Amino acid sequence: MTGMTTSPTTTPAPDGTHPVLHATGVTMRFGGLTAVRSVDLAVHPREIVGLIGPNGAGKTTFFNCLTGLYTPTEGTVTYRDTVLPPKPHLVTQAGIARTFQNIRLFANMTVLENVLVGRHTRTKEGLFSALLRGPGFKKAERESTRRAMELLDFTGLADKADHLSRNLPYGEQRKLEIARALASDPGLLLLDEPTAGMNPQETRATEALVRAIRDQGIAVLVIEHDMRFIFNLCDRVAVLVQGEKLTEGTSDAVQADERVIAAYLGTPFEGAPGQEELAEVEAAEAQADARADLTEDTP
Ligand SMILES: Nc1ncnc2c1ncn2[C@@H]1O[C@H](COP(=O)(O)OP(=O)(O)O)[C@@H](O)[C@H]1O
Ligand SMILES: [Mg+2]
């Protein structure tokens with residue numbers, strides 16, 4: 001190995017040339033509909049990569065291909081140079097964890113229990129030893145609980161450990177999903193619209209959380225329609241339009257790309273399209289008006 005230097009300003013680790021995740025020619029057809037068409041995407045160690053695109057562009061379908069929920073019609077997905085089998089539990093075991101666009105928590109379990117479920121793939125103790133509750137199980141259980149509490153602390157949910165997850169406000173449920181995903185000790189975390197339904201303050205907090213996750217050495221691939229979130233956060237952004245990768249580049253390059261602007265024009269982002277933006281514009285206008293009033297009143 002040559003030039004094994006690390007510096008906080010250059011992202012790639014010594015093995016930086018080897019992507020954590022490498023999707024090649026991934027195509028997903030549903031009958032006559034091609035939801036994802038020949039998409040290539042790499043995520044490198046310690047990178048935060050954004051995946052954006054209009055509603056129905058195929059972003060979630062692509063995630064489902066990466067995580068074994070779907071078997072791609074064509075193409076391969078490798079994680080650390082190993083081809084992934086299209087089985088969700090094997091993908092999780094390999095080191096990829098995800099959250100869902102539509103939150104999937106165990107509503108009647110506590111916050112802590114939800115994280116412990118996520119921990120399950122990483123504990124050696126199998127179902128039998130859990131049932132028999134032998135000494136190995138007790139020890140593993142203690143360790144799992146310790147780690148789960150650590151993750152709740154990390155995501156700011158420690159004081160809610162005993163609450164039923166269904167009683168958490170929406171934003172905290174999204175955080176809990178992240179904590180649960182982290183419980184499998186992933187090398188790559190996939191987030192599908194982590195700030196959907198969050199207020200601006202929660203969104204900023206999620207930005208910081210994703211950075212902290214990256215700083216722990218976990219690569220992140222994130223789908224979001226909040227462009228400010230994406231362009232603030234991501235080292236690189238890929239744009240999907242009608243199942244195809246339109247372009248890929250740094251936040252600055254993608255923001256300035258006329259094709260990206262054109263792809264979005266007239267195509268509302270998913271979620272409640274424009275409502276937040278509209279409120280922001282109105283607030284900004286109100287502020288501007290107030291300022292204008294002030295200056296008018298000032299002689
Ligand atoms: N299981 C499925 N069966 C049939 N069509 C699907 C399925 N999942 C997604 N699609 C279609 O694939 C396209 C892409 O959807 P999706 O991946 O959810 O887009 P995005 O997440 O970018 O909004 C849409 O036209 C959607 O209707
Ligand atoms: Mg989606």
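Just so it is clear, none of the values below were taken in a lab; they were calculated from the coordinates. None of the values given here were measured: they were computed from a predicted structure. Glycine gets a Cβ as well: all are built from the backbone with ideal geometry, and neighbour counts include every protein chain shown.
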Handout entry: Nonlocal amide H pairs with Ile218, under 5 Å, H built at 1.01 Å
Key = none
Completion exercise
Restricting to Cα pairs under 8 Å and 6 or more apart, the percent relative contact order of the range 175-274 works out to 21 percent
Completion exercise
Taking 0.36 nm per residue of separation between Leu164 and Leu90 and subtracting their Cα-Cα distance, the length gained on full extension comes to 23.8 nm
Fill in the blank from the handout: Site Glu74, offset 7 angstrom along Cα→Cβ, radius 18 Å on amide nitrogen, limited to the range 31-45, gives 31-41
Practice task
For a label point 7 Å from the Cα of Arg259 along Cα→C-beta, name the residues of the range 222-247 whose backbone N is under 19 Å from it.
Solution key: 236-247
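Going by average Cβ neighbours within 10 Å, how do the peptides 18-24, 180-186 rank, with the highest at the top? Could you put the intermediate results ahead of the total?
Values: 18-24: 20.1, 180-186: 22.1.
The most tightly packed comes first, giving 180-186, 18-24.
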Practice task
Could you name the lysines whose alpha carbon sits less than 27 Å from that of Lys245, not counting residues in the same chain fewer than 8 places away?
Solution key: Lys59, Lys87
Problem - Approximate spin-label separation Arg211-Glu282, in nm, with each point projected 7 Å along Cα-to-Cβ - result: 3.1 nm
Problem - Mean Cβ neighbour count within 10 Å, used as a protection proxy, ranking 223-236, 56-69, 244-257, 148-161 highest first - result: 56-69, 223-236, 148-161, 244-257
